[in-house]
1. Normalising by the residue count of region 1-40, find the relative contact order in percent from Cα pairs under 8 Å and 6+ residues apart.
2. Could you state the angle between the C-alpha long axis of helix 80-98 and the longest principal axis of the C-alpha atoms of the chain, as a value from 0 to 90 degrees rounded to the nearest 10?
3. How do 35-46, 72-83 rank on mean C-beta neighbours within 10 Å, highest first?
4. With an 8 Å Cα cut-off and a minimum separation of 6 or more residues, compute the relative contact order for the chain in percent.
5. If I compute Cα Rg over 2.2 N^0.38 Å from the structure I just sent, which labelled value in (1) 1.82; (2) 1.03; (3) 1.55 lines up?
6. How large is the dipole of the chain about the Cα centre if only Lys and Arg carry +1 and Asp and Glu carry -1, each at its Cβ, rounded to the nearest 20 debye?
Amino acid sequence: MRIHQLPVGARFEYQGAEWVKTAPMLANGPGGQRLIPRHAVLKPLDPGVTVPSGLPPLDRAAILLAFETFCQTCTPWISEGHAKAFEQARRAFVDAVGQ
């Protein structure tokens, strides 16, 4: 998790020490206040803190429709010797999305 993904007041571990976020890029910890680099990987210590994805939930039906369209487009280019492998891969993808 990155510093910008934590709410102000959240506790996290950084470089082996416990810190509390006090501003968008600042935290209090051992030795006082410190700027936490945006690229720093942090371990949240408060339960329930999750990384917001910012993306809407995926629509399984739309994914499968797009994939089937892709497969139909590719099918004419697949040689007979590879058709069985392509079909197995297609089914594996569909099964994985179904889970």
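1. 35
2. Long axis of 80-98 versus the principal axis of the chain: about 40 degrees.
3. 35-46, 72-83
4. Across the chain, relative contact order equals 22 percent.
5. For Cα Rg over 2.2 N^0.38 Å, the calculated option is (1).
6. The calculation lands at about 380 debye.
Only the coordinates and a few stated rules stand behind these numbers; no lab work does. No experiment lies behind these values; they were computed from the predicted model shown. We place every Cβ from the backbone using ideal geometry, glycine too, and count neighbours over all the protein chains shown.
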